[in-house]
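**Student:** Next up is a structure, given as structure tokens.
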Amino acid sequence: MSLPVDPAENLAALIRCPSVTPAEGGALAALAAMLTPMDFKVERPTFSEDGTPDVENLYARRSGNGPHLLFAGHTDVVPVGDEATWKHPPFSAAIERGEMYGRGAVDMKGGIACFVAALARHIEKTGGPKGSVSLLITGDEEGPAINGTVKLLDWAAARGETWDAAIVGEPTNPDRLGDMIKIGRRGSLSGMVIVHGRQGHAAYPHLADNPVRGLLTLADALLNPVLDEGSRDFQPTNLEITSIDVGNPASNVIPAKASAIFNIRFNDNWDAETIQAEIHNRLDAASRRSKYRKGQRGPIDYELSWRDRPSHVFLTHDDKLIETLSGSVAAIIGRTPDLSTSGGTSDARFIKDYCPVVEFGLVGKTMHMVDERVALADLETLTGIYQRFIEDWFDRDQTRTGRQGPAYRSRTLD
């Protein structure tokens, strides 16, 4: 049986599976069909939790004597939006002018397709890596991320799986392939502020307390002053108010309450607990010094709640992993990528608890957009980088360890 050495063919097979999160859509079955001829043992556990959809995942291992490399990613994709606005049907994998169109082309079925092709070419060339390779693929990255990677890691670890390093194939490059390797991520935390007022007639404001006024005061306290100016390894901490809601359809009624949702991306000047304390302090101070309206009662009556689980800031220190991947990029495209901690969160936030992890994949300009697409030339180039990395990482002197030593090479800064 022929091996899946062509990344474009691999990607077309994956794109044609409508795996809109959390649906499997045939994508994991297509991936399993690619891996089985390469002597991978493929398992597809499904995880559940009350209040969330069941999610099917994939874990595949090709065993060998030596270190264990993990490739992680996801086959689920975001919804296509208005399909009529697409140049080509979003699950057709149509090719035009050297580009393949389709939802998931860069985020991140393309990265999976290239890694599989790189492994297949390496096996054809050498017979296989000098160690073990595993793929840990979820269908829950674009969803709530509850029944995906975090549980799949626990499931595999409970069966005795350990890994020496991991690559997440997210689209890390902003403009050109080879621009950037992600070696860490800021933390993420979301919250909601609800301001309680007193409903009344807009023509008689002295008989009411307008919560919108109070909410605007508290929102300003969240935004100003800036939380920090950044650190050596990370961008500045940033808070964005992402939604303000009153739920009031009547223009002549002062509402009873108003709410705002916000998200914070925080660097290593903070951890989840200290950033939460800072937000509490800002809101308390602003509520005490302000009122809904001059002459009316105060302080502002508010409540604060934190949504979901925080993602912790982390930074990977592993010379072998980072230097080998950087060298592979330079060898294939002739320039050295930047090492960055920019952007949002990814499933690397879970993997870092098990082994050193970095992220490197395709150019992300069209991810989540109408007409998401990837250049066929980039598929070939990324496959070449992954193949070179697989060869060099397994060949590199195994006695070398990261700056933090062999026992703990990625750290959570919390």
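The values are calculated or read from the model by the stated rules, or taken from the named source; none is laboratory data. Please read all numbers here as calculations on a predicted model, not as lab measurements. Neighbour counts run over all protein chains shown; Cβ positions are idealised from the backbone, glycine included.
**Student:** Need the failing condition index for residue 184 against (1) touching a residue at least 24 places away in the same chain (Cβ under 8 Å); (2) over 28 Å from residue 388 (Cβ atoms), just the number.
**Tutor:** Here residue 184 meets the rest and fails (2).
Residue-by-condition table, conditions (1) within 30 Å of residue 127 (Cβ to Cβ); (2) surrounded by fewer than 19 Cβ atoms within 10 Å (Cβ to Cβ); (3) in contact with a Lys or Arg (Cβ under 8 Å, 6 or more places away or on another chain):
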{"position": "17", "(1), (2), (3)": "no, no, no"}
{"position": "23", "(1), (2), (3)": "no, yes, no"}
{"position": "46", "(1), (2), (3)": "no, yes, no"}
{"position": "72", "(1), (2), (3)": "yes, no, no"}
{"position": "82", "(1), (2), (3)": "no, yes, no"}
{"position": "91", "(1), (2), (3)": "no, no, yes"}
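**Student:** Moving on. Look at region 94-113 and say how many of its residues are crowded, with 24+ Cβ neighbours inside 10 Å and of a type in the set (D, E, K, R).
**Tutor:** First, pick out the residues of region 94-113 that are crowded, with 24+ Cβ neighbours inside 10 Å: 100, 102-113.
Those still in the list that are of a type in the set (D, E, K, R) too: 103, 107, 109.
Total satisfying the criteria: 3.
**Student:** Would you mention how many residues in region 233-249 are under 15 Å from residue 210 (Cα atoms), outside any strand (DSSP E or B) and at pLDDT 95 or above?
**Tutor:** Within region 233-249, residues that are under 15 Å from residue 210 (Cα atoms), outside any strand (DSSP E or B) and at pLDDT 95 or above number 1.
**Student:** Between 166, 157, 145, which is over 27 Å from residue 87 (Cβ atoms), surrounded by fewer than 23 Cβ atoms within 10 Å (Cβ to Cβ) and in contact (Cβ under 8 Å) with a residue 12 or more places away in the chain?
**Tutor:** Working: 166 fails: surrounded by fewer than 23 Cβ atoms within 10 Å (Cβ to Cβ); 145 fails: surrounded by fewer than 23 Cβ atoms within 10 Å (Cβ to Cβ).
Of the residues listed, the single one that is over 27 Å from residue 87 (Cβ atoms), surrounded by fewer than 23 Cβ atoms within 10 Å (Cβ to Cβ) and in contact (Cβ under 8 Å) with a residue 12 or more places away in the chain is 157.
**Student:** Can you report the number of residues in region 24-38 which are aliphatic (A, V, I, L, M) and more than 16 Å from residue 77 (Cα to Cα)?
**Tutor:** Residues meeting the conditions: 5.
**Student:** Considering only residues that are assigned to a helix (DSSP H, G or I) and β-branched (Val, Ile, Thr), look in region 178-218 and name the one that is surrounded by the most Cβ atoms within 10 Å (Cβ to Cβ). Working first, answer last.
**Tutor:** Step one: list which residues in region 178-218 are assigned to a helix (DSSP H, G or I), which gives 205-207, 211-218.
Imposing the further condition that a residue be β-branched (Val, Ile, Thr) reduces the set to 212, 217.
On the way: 212: 17, 217: 19.
Checking each candidate, the answer is 217.
**Student:** A further question on this structure: Only one of these conditions is not met by residue 232: (1) free of Cβ contacts under 8 Å to residues at least 60 places away in the same chain; (2) within 32 Å of the chain's Cα centre (by Cα); (3) surrounded by fewer than 14 Cβ atoms within 10 Å (Cβ to Cβ); (4) under 23 Å from residue 300 (Cβ atoms). Which number is it?
**Tutor:** Looking at each condition in turn, residue 232 falls short on (4).
**Student:** Further question on the same structure: Looking only at region 272-309, how many residues end up being surrounded by 17 or more Cβ atoms within 10 Å (Cβ to Cβ), under 19 Å from residue 220 (Cβ atoms) and among the small types (Gly, Ala, Ser)?
**Tutor:** Matching residues across region 272-309 total 3.
**Student:** Can you run down the residue pairs with Cβ atoms below 7 Å, 6 or more apart or on separate chains, where the first is in region 50-67 and touching a residue at least 12 places away in the same chain (Cβ under 8 Å) and the partner is among the basic types (Lys, Arg) and assigned to a strand (DSSP E or B)?
**Tutor:** 60/41; 61/41
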